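Have a look at this one before I ask anything.
Each reported figure results from applying straightforward, stated rules to the coordinates on display, with no laboratory input. Keep in mind it's a predicted model, so treat the numbers as computed, not measured. Quick reminder, even Gly has a Cβ in these numbers, built from the backbone with ideal geometry, and neighbours come from all protein chains shown.
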Amino acid sequence: MLLQPLWNAVLGRASLLHSPFFPVLFSLSAYLSFCLPFLLLDVLASRWALVRKYKLQPQSSVTWASVRSCVARTTYNHLIFIFPLTVLHWYLRPVRMPDQAPALPTLLLQVLVCLLLFDFQSFVWHLAHHKVPWLYRNFHKVHHTYTSTSALTAEYSGVWETLSLGLFAAANPVLLGCHPLTELAFFLVNIWLSVEDHCGYDLPWATHRLVPLGLYGGARHHDLHHLKSRCNFAPYFTHWDRLAGTLVTQD
């Protein structure tokens, strides 16, 4: 059981995991932590050509005003809307903490399945909100405030978008009957990929360069969506856009 020592360490913090505050603290702290390296790149890009050459829109720059606005909106959505729902979930569905860790192959497979499910759900949701003007105008337009992506714009969205996509992410591990450690792993991977999608950089070690055959879109894929708005609706993988004829791979 390769994961048992890690799970034993998590069990040692069981009181924290049982707290209704944990989901919000976990989500917010993971998100802001993943954004920090890209914020550093944004600072360096303004004065270092070596960094700027990897920027997808080199003519754009991140301002402190936009940073404050993004952090404020993300924090507001978490505290005012997500936190009450996590308290309700904590009351109705207490966290189960089994003694045994999941097998590593099981964890990896279930995380991948959760990602594929979320990718499909988000694709359908996203496509609908672009094809129906009323949905776009009233719900999704907020996320397109910034046509130039940066890490903190990943969660710059309205309440409906935040809660509906959050529901997809939370429901998938439950539907698959995942172990709590698998849930944590999926949430971390999902948050990271969302931040990387919006980071605004096409880095040599980016996820889309590690996945072969163009199966994963990554930051370039999603940056084109923010530029053109009528393509690349899936958040991560490219197969749904390819099937729908909405895939664009270059400017």
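For the structure I just gave you, tell me whether Gly177 is surrounded by fewer than 21 Cβ atoms within 10 Å (Cβ to Cβ) and either at positive phi or not in a helix (DSSP H, G or I) (or both). Give the derivation first.
Details: surrounded by fewer than 21 Cβ atoms within 10 Å (Cβ to Cβ): yes; either at positive phi or not in a helix (DSSP H, G or I) (or both): yes.
Judged against the criteria, Gly177 is a match.
Quick one: in the stretch 84-99, which of the residues that are hydrophobic (A, V, I, L, M, F, W, C) and touching a residue at least 60 places away in the same chain (Cβ under 8 Å) is farthest from Phe22 (Cα to Cα)? Working first, answer last.
Residues of the stretch 84-99 that are hydrophobic (A, V, I, L, M, F, W, C), as a first pass: 85, 87-88, 90, 92, 95, 97.
With touching a residue at least 60 places away in the same chain (Cβ under 8 Å) added as a condition, the list becomes 85, 87, 90, 95, 97.
On the way: Leu85: 12, Val87: 10, Trp90: 10, Val95: 11, Met97: 14 Å.
Among residues in the stretch 84-99 that are hydrophobic (A, V, I, L, M, F, W, C) and touching a residue at least 60 places away in the same chain (Cβ under 8 Å), the one farthest from Phe22 (Cα to Cα) is Met97.
State the number of residues belonging to the stretch 85-98 that are part of a loop (DSSP other than H, G, I, E, B) and touching a helix residue (DSSP H, G or I) at 6+ places or on another chain (Cβ under 8 Å). Break it down into steps so the answer makes sense when it comes.
The first filter runs over the stretch 85-98 and keeps only residues part of a loop (DSSP other than H, G, I, E, B), leaving 93-98.
So of that shortlist, the ones also touching a helix residue (DSSP H, G or I) at 6+ places or on another chain (Cβ under 8 Å) come out as 95-98.
So the answer is 4.
Among the residues of the stretch 48-74, what is the count of those that are over 18 Å from Ser148 (Cβ atoms) and outside any helix (DSSP H, G or I)?
1
Just checking, which of Asn172, Asn190 is closer than 30 Å to Val51 by Cα and either charged (D, E, K, R) or in a helix (DSSP H, G or I) (or both)? Explain how you work it out, then say what you get.
On the way: Asn172 fails: closer than 30 Å to Val51 by Cα.
One residue alone meets the criteria, Asn190.
Determine which single condition Leu215 fails, assuming it passes every other condition in (1) over 27 Å from Leu6 (Cα atoms); (2) in contact with a Leu (Cβ under 8 Å, 6 or more places away or on another chain).
(2)
Still on this structure, please answer the following. Determine whether Arg209 is free of Cβ contacts under 8 Å to residues at least 12 places away in the same chain, charged (D, E, K, R) and under 30 Å from Leu85 (Cα atoms). Can you show your working first?
Details: free of Cβ contacts under 8 Å to residues at least 12 places away in the same chain: yes; charged (D, E, K, R): yes; under 30 Å from Leu85 (Cα atoms): no.
Spelling it out, it is not the case that Arg209 is free of Cβ contacts under 8 Å to residues at least 12 places away in the same chain, charged (D, E, K, R) and under 30 Å from Leu85 (Cα atoms).
OK, next. So, in the stretch 118-143, exactly how many residues are without any contact (Cβ under 8 Å) to a residue 60 or more places away in the chain and assigned to a helix (DSSP H, G or I)?
Restricting attention to the stretch 118-143, the residues satisfying the condition of being without any contact (Cβ under 8 Å) to a residue 60 or more places away in the chain are 121, 124-125, 128-129, 131-143.
Narrowing further to those that are assigned to a helix (DSSP H, G or I): 121, 124-125, 128-129, 131, 133-143.
Number of matching residues: 17.
Now for a different question. So, in the stretch 99-110, of the ones that are touching a helix residue (DSSP H, G or I) at 6+ places or on another chain (Cβ under 7 Å) and assigned to a helix (DSSP H, G or I), which residue ends up farthest from Leu167 (Cα to Cα)?
Among residues in the stretch 99-110 that are touching a helix residue (DSSP H, G or I) at 6+ places or on another chain (Cβ under 7 Å) and assigned to a helix (DSSP H, G or I), the one farthest from Leu167 (Cα to Cα) is Leu107.
Of all residues in the stretch 1-47 being of a type in the set (Gly, Ala, Ser) and in a loop (DSSP other than H, G, I, E, B), which is nearest to Pro102 (Cα to Cα)? Working first, answer last.
First, the residues of the stretch 1-47 that are of a type in the set (Gly, Ala, Ser): 9, 12, 14-15, 19, 27, 29-30, 33, 45-46.
Add one more test, that the residue is in a loop (DSSP other than H, G, I, E, B), and what stays is 12, 19, 46.
On the way: Gly12: 17, Ser19: 22, Ser46: 45 Å.
Going through the qualifying residues, I end up with Gly12.
Sticking with this one: Could you list, in sequence order, all residues of the stretch 203-222 that are touching a strand residue (DSSP E or B) at 6+ places or on another chain (Cβ under 9 Å) and either of a type in the set (Val, Ile, Thr) or crowded, with 17+ Cβ neighbours inside 10 Å (or both)?
Answer for the stretch 203-222, where residues must be touching a strand residue (DSSP E or B) at 6+ places or on another chain (Cβ under 9 Å) and either of a type in the set (Val, Ile, Thr) or crowded, with 17+ Cβ neighbours inside 10 Å (or both): Thr207, His208, Val211, Tyr216, Gly217, Ala219.
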